[in-house]
Amino acid sequence: MSQAAPTPTPVPPAKARVPKTVWDLVFTLLIPIAILSPNILGSGISVAEQVFGGGTAGNVRAYLLAALVPVAYVLWDLLVNRNVSPVALIGGAGAIFSGALAFWYVDGFWYAIKDSARSYLTGLLFLISAATSVPLFRVFLDASSIGESPEHRAATQTAMRDPVVHRGLVGATVVFAVVDLIGGVVNSLVNYARVTAKFGTDSFNAQVAEVNAVMRIPGLAITLVGVFVAIWLVQRAVRARYGQDASLFEPGKLLSAMRQRGEAPEAAAGS
C-alpha cells in the first residue's frame with residue numbers, strides 16, 4: 001500500500017524590506033524638513049508651536065531637533081550594524097561634527113558657512129591625506145573590497161600599493177576634495193542668498209527647510225561628479241600599469257592581468 005506524500009508546508013513570502021536609501025531620505029531630509037516647517041503640508045501643524053510652545057524658544061528647539069535627528073540616525077545605524085570600517089567611522093565623525101555645530105546659533109553669512117562646514121572639513125582632510133602614504137580615496141576603495149575573496153583582495157591591495165596606481169589615488173583624492181569644496185561653496189552661496197531671516201524665527205526655520213530641500217539633488221549631483229572623476233583617474237592609472245583589461249572594480253580581471261605579467265601577489269599566485 002503506497003503512502004501518500006506529505007503535504008508541503010507553504011512557505012510564507014519574505015517581507016519586502018525598505019531599502020536603506022529610503023530610510024536615509026526619511027531621516028536626513030523629510031523628517032527634518034517637517035520639523036522645521038511652520039505649516040506641515042498645509043495642515044496648520046507646527047512642531048515649534050504645538051510641541052515646543054512657539055516663540056523664539058520653540059523655534060530654536062525645533063531647529064535643534066531637526067539638526068540632531070540625522071545625527072542620531074547615522075549613529076544608530078553605525079551601532080546597530082556594528083560597522084567599524086574607516087568609511088563608517090568617518091561618516092560617524094562627520095555626523096557628530098554636524099551635531100555640535102547645531103548649537104552654534106548664527107544667521108546670515110555665518111550660517112551659510114556653518115551649513116557647509118562639513119564639506120569644507122571633509123575637503124580639507126582629503127587634501128591633507130593626499131600628501132601622505134594613505135590618501136583617503138584609497139581608504140574608500142579599500143573598504144569596498146572587504147567582501148572580496150582572499151586572492152582577489154590581495155590583488156586589489158597590491159595594485160593600490162603600486163607607485164603608478166598610488167599616483168592615480170593621490171590625484172583622485174585631490175579631485176574629490178576640490179569638488180567637495182566647490183559643493184560647499186555653492187551650498188554656502190545658496191544659503192546666504194535664501195536664508196535671510198533672523199535665527200530663532202518661524203521664517204528662519206522655513207527658509208532652512210526650503211534650502212535643504214532645494215539643495216539635496218544638486219548637492220548629491222556635485223558629489224557624484226567628484227566620485228566619478230576620481231574613479232576614472234584611478235582606473236586610468238590601473239590600466240596604464242596592468243593593461244587595458246585590468247580593472248580595480250573587477251578583481252578577477254585585475255588578477256588575470258597580473259598573472260599574465262607574472263606579478264600576481266603571493267596569496268593569489270598559487271591558487
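The values are calculated or read from the model by the stated rules, or taken from the named source; none is laboratory data. Just so you know, these numbers come straight off a predicted model, no measurement behind them. Please note: Cβ atoms are built from the backbone with ideal geometry, for glycine as well, and neighbour counts cover all protein chains shown. In case anyone asks, the SASA skips ligands and DNA or RNA and just uses the protein heavy atoms, side chains included. Shrake-Rupley method; radii C 1.70, N 1.55, O 1.52, S 1.80 Å.
Of a type in the set (Gly, Ala, Ser), open to solvent by 40 Å² or more (accessible area, probe 1.4 Å) and at pLDDT 95 or above, is that true of residue 193?
For residue 193, the condition - of a type in the set (Gly, Ala, Ser), open to solvent by 40 Å² or more (accessible area, probe 1.4 Å) and at pLDDT 95 or above - is met.
Look through 248, 255 and report the one residue that is open to solvent by less than 20 Å² (accessible area, probe 1.4 Å), part of a helix (DSSP H, G or I), out of contact with any Lys or Arg (no Cβ under 8 Å at 6 or more places or on another chain) and farther than 21 Å from residue 117 by Cα.
255
Is it fair to say residue 155 is assigned to a helix (DSSP H, G or I) and within 30 Å of residue 62 (Cα to Cα)?
Against the criterion (assigned to a helix (DSSP H, G or I) and within 30 Å of residue 62 (Cα to Cα)), residue 155 does not qualify.
Which residue pairs have Cβ atoms under 6 Å apart, sit 6 or more places apart or on different chains, and have a first residue in segment 35-61 that is closer than 14 Å to residue 206 by Cα and in contact (Cβ under 8 Å) with a residue 12 or more places away in the chain and a second that is outside any loop (DSSP other than H, G, I, E, B) and not aliphatic (A, V, I, L, M)?
Matching pairs, first to second residue: 36/205; 38/202; 48/58; 48/59; 59/205.
When residue 220 is evaluated against the numbered criteria (1) under 21 Å from the mean Cα position of the chain (by Cα); (2) open to solvent by 40 Å² or more (accessible area, probe 1.4 Å); (3) at pLDDT 95 or above, which criterion, by number, is the only one it fails?
In the conditions (1) under 21 Å from the mean Cα position of the chain (by Cα); (2) open to solvent by 40 Å² or more (accessible area, probe 1.4 Å); (3) at pLDDT 95 or above, residue 220 misses (3) alone.
Are any of the residues in segment 31-52 in contact with a Phe, Trp or Tyr (Cβ under 9 Å, 6 or more places away or on another chain) and open to solvent by 30 Å² or more (accessible area, probe 1.4 Å)?
yes
Among the numbered criteria (1) without any contact (Cβ under 8 Å) to a residue 60 or more places away in the chain; (2) more than 24 Å from residue 107 (Cβ to Cβ); (3) touching a Ser or Thr at 6+ places or on another chain (Cβ under 8 Å), which one does residue 230 miss?
Residue 230 satisfies all of (1) without any contact (Cβ under 8 Å) to a residue 60 or more places away in the chain; (2) more than 24 Å from residue 107 (Cβ to Cβ); (3) touching a Ser or Thr at 6+ places or on another chain (Cβ under 8 Å) except (1).
Which condition number does residue 61 fail, the rest of (1) at pLDDT 90 or above; (2) of a type in the set (D, E, K, R); (3) open to solvent by less than 70 Å² (accessible area, probe 1.4 Å) being met?
The number of the failed condition is (3).
When only residues in segment 166-181 that are under 23 Å from residue 156 (Cβ atoms) and not small (Gly, Ala, Ser) count, which is most open to solvent (accessible area, probe 1.4 Å)?
167
For segment 196-208, check the following and say yes or no: at least one residue is on the phi > 0 side of the Ramachandran plot and either surrounded by fewer than 19 Cβ atoms within 10 Å (Cβ to Cβ) or more than 21 Å from the chain's Cα centre (by Cα) (or both).
yes
Give me the residue from segment 105-121 that is of a type in the set (A, V, I, L, M, F, W, C) and part of a helix (DSSP H, G or I) and, out of that set, surrounded by the fewest Cβ atoms within 10 Å (Cβ to Cβ). So that I can check it myself, show each step before the final result.
Taking segment 105-121 first, the residues of a type in the set (A, V, I, L, M, F, W, C) are 106, 109-110, 112-113, 117, 121.
From what is left, the residues that are part of a helix (DSSP H, G or I) are 109-110, 112-113, 117, 121.
On the way: 109: 11, 110: 13, 112: 21, 113: 16, 117: 16, 121: 17.
Residue satisfying both the conditions and the ranking: 109.
Is there any pair with a first residue in segment 203-223 that is within 21 Å of residue 56 (Cβ to Cβ) and a second that is of a type outside the set (Val, Ile, Thr) and open to solvent by 30 Å² or more (accessible area, probe 1.4 Å) whose Cβ atoms are under 7 Å apart and which are 6 or more apart or on different chains, and what are they?
204/107; 204/198; 205/38; 206/38; 207/194; 210/194; 211/194
Looking at segment 66-85, can you tell me whether even one residue there is within 30 Å of residue 165 (Cα to Cα), assigned to a helix (DSSP H, G or I) and either open to solvent by less than 50 Å² (accessible area, probe 1.4 Å) or modelled with pLDDT of 85 or more (or both)?
No, segment 66-85 contains no residue that is within 30 Å of residue 165 (Cα to Cα), assigned to a helix (DSSP H, G or I) and either open to solvent by less than 50 Å² (accessible area, probe 1.4 Å) or modelled with pLDDT of 85 or more (or both).
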